[in-house]
Structures are given as C-alpha cells and as structure tokens.
Amino acid sequence: MAPVQTTNKTSIIKITDLDFFYGDTQALFKINLTIAKNRITSFIGPSGCGKSTLLRCMNRMYDVIRNTKASGSILFDNNNILQTSTDVTGLRRRIGMVFQKSNPFAKTIYENVVYGLRIAGENKKSVLDQAVEESLKGTSLFDEVKDRLNESALGLSGGQMQRLCIARAIAIKPDVILMDEPCSALDPKSTAKVEELMLNLKKDYSIVIVTHNMQQSSRISEYTAFFLEGRLMEKDTTQKIFTNPSKKETEDYITGKFG
Amino acid sequence: MSNIFIWGRKNLYPTTGQGIISIAIVSLVGLVLWNFLPWSIFNAVWVADNSDVCRQAGGACWAFIWEKLYFILFGFYPAEERWRAWLVLALFLGGILYSGRSKSWTLSLIVVWLGLVVSMMLLLNGTLLGLPTVETSYWGGLVLTIILAMTGIIFSYPFGVLLALGRANQRLPVIRGICVSIIEIIRGVPFISLLFMASLMLPLFLPSGFVIPKLVRAIVAVIIFSGCYLAETVRGGLAAVSRGQYEAAQSLGLSYWKTMGLVILPQALSKVIQPTVGSFISLFIDTTLVVIISMYDLLGAARAAASDSAWLGFAREAYVFLALIYFAFCYTLSKYSRRLEKDILTKKVH
C-alpha cells in the first residue's frame, strides 16, 4: 500500500523511498523516515554511511555538487522538495543548517546574525536589533559578546563562532535546523553549551543532528536513526536504540565493536 | 658625519660577506651612473632648434623629445584640436588623484572610471559634443595608450570574473565547457596573433560595408586576451575561499548570484589583489603591441618620431623617455595595489 502522502501534527518531514546518487555511485538506498516536530532526531553510523548525505537532501544542499541525483520523495509542508520546481532558496530559509566547521562570514558579529534577514529584505534597525538580541540570547552568546557586536566575528573563539553560526541560522526563524556534527570541532565545555542550547531550541524548532558521538546522541535526542552503508538499519526512540536495539549491527555499533 | 658612518656600518657592512656584496653592488651602480650621467645630464642638450647642435654636443639630445613632445603625447591628433587631448590627460590625472584617496575605494569607483573613459572618448571624437569630428585613426601617442589601457582594464575585469565564475560552476556543464574553451584557447595563443586576427581576419567575417574602427577591434582583442588571464587569477581566489562560506551562504537561502556577489567574490577578489594588478600592468605594457597593426600608441609614436629624417639617430633618448613614462604608470599602479591590499587586510571586514 502506498504511504499516505502527508505530514501531520507530530511530524515535520516525511522521507519516502529516497535513493541518492553521486554520479554512478548510489549513496542512499530506499530511505523511509519521518522527522518529529519539536524534537531532536539524531543520525548515527560509521563514516560514509550516508547520514550527512541524507541531511543535505533535506535542504537540497547537494544541489551545488555536480552529478547528483535524488529520487523518491521528501515531504515538507505537503510539498515534495525534490521536485525541480521547488524554490530552493525559500526552502533553505525554512530549513536552516549548521556545519561541522563553524563558518561565520568575514563581517561583524551583528552583521553575521542579521545576514539572512537583510537578504530577505529586512532593513529596519529596530527589527534587526531585536533579532540580534533574541538570537544571541537564544544561543547564550549575548552576554559574552554584547559589548563587541560591531567587531569582526573572526575574533571569537571556536565555540563562540559555532554558537554564532547557530544564532545566524535561527535569526531567520526556520522550522527545522539541520546540524552536521556541530560539536566535533569543539572542546567539552563548548560542546556542553551547544548541547544545552539545542535542548532549549527544540521548543521552537525541530532539530536533526548528525553525530559521531554516541553519548551526545543519547544525551540530547528523543529519536535516533542508525545508518550503515547507505541504508537505514534501525530507527526508534533513543532509549530503545541504546538499551535494546532490534538489529545486531546497531548493537555492535553502539557497543563499539566497529565504526 | 659619525651618524652616516654608523648607518653605513650597520646597513651596508654588518658582516664581511654582506659587506663584499654591498661593495660590489655600490660599484656596479657607480659604474652605470659614471657612464650614464655625463651622457644624460652633463653633456646633454636641453634646447636646440635643429639636430646639428645635438650632434656636436655628444650627450643626450633632450631637445629632440621637446621637439616631438606633442607627437609622442597625441600622435596625429590635429594641432588645432589639441586642447581636447590635453583635457583628456587632465581628466586622467584627476581620476588617478581621486582614486588615490582611500575614501574613494568603493564600488562607485568603477562607475567613476567608466564615466571618465566614456567622456574621454566623446571628447576625443567630438561629434556628439558638437566639435569637429576626429576619427579614431588620428588618435595616438600617450592618449591612445591611456584609452586602450583604461578600456582594457575596466572591461576585462568583469569579463574575467564572469569567465572564472563560469569555469567554477559545477552545475552547468555547458557554460563551464564554453568558459574553459575560451580561456584555454586564448591563453594558448600569443597576443600578437590575436591582434592580427582582430585587425585582419575579423573584417573578412563581417558583411561588406560594415566597418568597425581599428581602435575598437584592438580594444576587443585586449579585453578578451587580458580577461582570460584574469579569469585564472580570479579562479585562484575563488578556490582560496573556504567551502564553508559557500555552504553558509547557501544554507541561509542566498541565490547563486547573491552568494557569489555578496559573500564569495568580495573575499576571493581581495585575496588576489596583487596578481590582479600584475595582470593590469601586463595589459598596460602589452598595449604597445598595437604598433604591429599600425596604430601609433606611445611606443609607436616615439618610434615614428625617432625615424624623422631631420632628427635621425636619437632613438635612445626616445626610449629612455618612454621607459620613464611606463615606469611612472606601472609603479603607481603597483604602489596603489599594495595600499589597497593593506587597507582591506587590516580592516578584515568587507
């Protein structure tokens, strides 16, 4: 029976039979997965298993790479975003992304946060000021940088830069935030801050995080999906995956037998 | 006196090895000056009515330059309309002075120079301003060199940037292929042959009766040639911008042109200021090659002046004078680029 082609109140993205190719190499095989609304979903699995690729399918970031092809459907707001008619820039404003390596623009802290808003045509100072304050408070960066908003963002520490990038992503108020190993370049203290921040953010946003750190996955996410060689092996509540996985591969991976 | 001694000891003779090198260099410079100064200054003739005075003196004949100055500066531009050419030089100097202030370093500078070059061409031609028409074939000397170099720089830069963007685009293989072919073909061909093609072969492909002035053909050749070299320079700059910057811009919902125009290009272009200005300097110097399609730019005019039978034998003076002019331009450009780069790098914020 064909799956019901809608997203409902509890899910925000519905992925159906997704295949993905880099040239002739197939990177994802028949992925079926729903992303829960206002929850944190984590993708785990060994390197090269396709979890980052899947993340980049959800906001069409693979578009910039040559010879990529996706088939199947990713339903967001009742539209299949894989269709060529999708307004990709509009989609990316609603599904934001944070990357492994923090990538602030070579501009001031203030300008970094309001960049997406300015691009969308917002130039009113009061609106921008408010967005800066809200976003920086939301990423608990405000107190640390409030006296140097007009200094270059490149002068921040690694952890601060990553939180600035999150602030930049939430300033345009997306529905979903995709995070591609956001803490892998951070020290434990900064990691703790980002994790705390994610727990706060899920009130307003649905978060998908790719991580290599299984403790992180178990600490913060409600749902966990385990990938292996381009296939979704198992998806369930995080508690179930980590205490009683139904597949042997999942158990081997989370107990550190491979990966 | 002792100060000079201490300075010399510290800077010229800190160790025996470096001291020997200093002595060698100082003597070499001394030797050159010893021979050059008497010819160029002490025995030189500065004012003379005819070449006989010069021939008897044995030194440099700067009177020859003085005699031929108008020709070297303006070529065959009609004498009674020369004030227009002077005005063009004045506009050019004004543009240089304006660009020299760091306050002027904004995008509007491009518009200023575009406006300058258009008004220069209108002024030289004259028709649209109600002045007697002077055909482009009468333009020459320094004025022609300036027109060639300015139009070359102003148009080859955006052309080069577009070629580089086309080449770097992963998603449009056809455009990418076209850009790669243009860049590689043009870069594989000497500038002279491109000039010949523009001047001799292009008219063959055009319908008869359809004439493009030689000047325009030469300018197009300069733009295409220089643009392809610039494209490779810009490509280097694009490759130096980290992938994260593309991703950040894309993930914020910036379109391709906004990503490039607002995020990537400002960083990429400022990384390659020095090689870019290097390309501009080559372009400026390469314009001398239009001599071979019988246009009288600065070099062409000076050579023509030196072959005047009344003033034969003073080519050396002409070349020294030319070298000074070219050096002044190129040095100004390179000095300017260093200031620009310093300014941008210290600001760190585009």
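Inter-part distance, segment A:74-90 to segment B:171-212, computed on C-alpha centroids, equals 42 Å. Largest first and in whole Å, the equivalent-ellipsoid semi-axes of segment B:17-100 read 36, 25, 7, each the square root of five times a Cα gyration tensor eigenvalue. With contacts taken as Cα pairs under 8 Å and at least 6 residues apart, segment A:1-107 reaches a relative contact order of 29 percent. With a 1.4 Å probe on protein heavy atoms only, work out how much accessible surface A and B bury together, total over both chains, in Å² to the nearest 100. Buried surface at the A/B interface: approximately 2200 Å². Legend: mean number of C-beta atoms from other chains within 10 angstrom of residue C-beta atoms, peptide A:100-109, equals 5. Couplings for segment A:163-177, taken from phi via the Karplus curve 6.51 cos²θ - 1.76 cosθ + 1.60 with θ = phi - 60°, read 5, 5, 5, 5, 4, 4, 5, 7, 4, 8, 6, x, 8, 10, 10 Hz in order; Gly and Pro are left as x. To the nearest ten degrees, helix A:188-201 and the longest principal axis of the Cα atoms of chain A are 80 degrees apart. Tell me, how many Å apart are the Cα centres for segment B:1-35 and for segment A:145-207? Here the answer is 60 Å between Cα centres. In summary, segment B:77-347 shows an alpha-carbon radius of gyration equal to 1.11 times the 2.2 N^0.38 Å reference for compact globular proteins.
Summary value for chain A: 26 percent relative contact order, contacts being C-alpha pairs under 8 angstrom separated by 6+ residues.
Take each residue in A:117-123, count the other chain C-beta atoms within 10 Å of its C-beta, and the mean is 2. Give me the log10 of I(q) over I(0) for the protein assembly as shown at q = 0.05 Å⁻¹, as the Debye formula computes it from C-alpha points; what are the numbers? The Cα Debye sum returns log10 ratios of -0.37. Shown here for segment A:167-259: chymotrypsin sites (Phe, Trp or Tyr not before Pro) in loop regions (DSSP other than H, G, I, E, B) with at most 16 other Cβ atoms within 10 Å, namely A:PHE258.
Loop-resident trypsin sites (Lys or Arg not before Pro) (DSSP state other than H, G, I, E or B) in segment A:156-225 with no more than 16 further Cβ atoms inside 10 Å of their Cβ: A:LYS203.
The Rg/Rh ratio for segment B:217-274 is 1.11, where Rg is the radius of gyration of the alpha carbons and Rh is the Kirkwood radius.
Would you kindly calculate the translational diffusion coefficient of chain A, applying Stokes-Einstein with the Kirkwood radius from alpha carbon pairs, for 20 °C and a viscosity of 1.002 mPa s, and quote it in µm² s⁻¹ without decimals? D, rounded to a whole number, is 113 µm²/s. Could you pull out every residue, at least 5 positions away or on a different chain, whose amide H is within less than 5 Å of the one on B:GLY75? Hs are placed 1.01 Å off N in the peptide plane, and Pro or chain starts have none. Amide H neighbours of B:GLY75: B:GLY141, B:LEU142. I want to verify the translational diffusion coefficient of segment B:76-177 in µm²/s; compute it with Stokes-Einstein, Rh as the Kirkwood radius over Cα pairs, at 20 °C and 1.002 mPa s. Rounded, D is 137 µm²/s. Amide H contacts of A:MET233 (H built 1.01 Å from N, in plane; Pro and chain starts excluded): A:PHE226, A:PHE227, A:LEU228 sit under 5 Å, all sequence-distant by 5 or more or on other chains. Residues in segment B:15-23 carry Karplus couplings, in order, of 9, 4, x, 5, x, 4, 4, 4, 4 Hz; the curve used is 6.51 cos²θ - 1.76 cosθ + 1.60 with θ = phi - 60°, and Gly or Pro positions show x. Across segment B:178-191, coupling constants 3J(HN,Hα) worked out from phi with the 6.51/-1.76/1.60 Karplus curve, θ = phi - 60°, read 4, 4, 4, 4, 4, 4, 5, 5, 5, 6, x, 10, x, 4 Hz, and Gly and Pro carry x. For the protein assembly as shown, the share of DSSP beta bridges that are antiparallel, to the nearest 5, is 55%. As I understand it, the value is the acute angle between the Cα axis of helix A:109-119 and the longest principal axis of the Cα atoms of chain A; what does it come to in degrees, rounded to 10? Approximately 70 degrees, to the nearest 10.
Applying a 4.7 Å Cβ-Cβ cutoff to chain B, the cysteines left without a disulfide-compatible partner are B:CYS179, B:CYS228, B:CYS330.
Taking the Cα centre of segment B:77-347 as reference, the dipole from Cβ charges on Lys and Arg (+1) and Asp and Glu (-1) amounts to some 900 debye.
Each helix, a run of at least 4 DSSP H residues, gives -39500 (n - 2.57); summed and divided by the residues of chain A, these come to -10000 deg cm²/dmol at 222 nm.
The values are calculated or read from the model by the stated rules, or taken from the named source; none is laboratory data. As the structure is a computational prediction, the values presented were derived from the model and not from experiment. With ideal geometry, Cβ positions are generated from the backbone for all residues, glycine too; neighbour counts draw on all protein chains shown. Quick note on the areas: whole protein, heavy atoms, side chains included, nothing else; ligands and nucleic acids left out. Shrake-Rupley method; radii C 1.70, N 1.55, O 1.52, S 1.80 Å.
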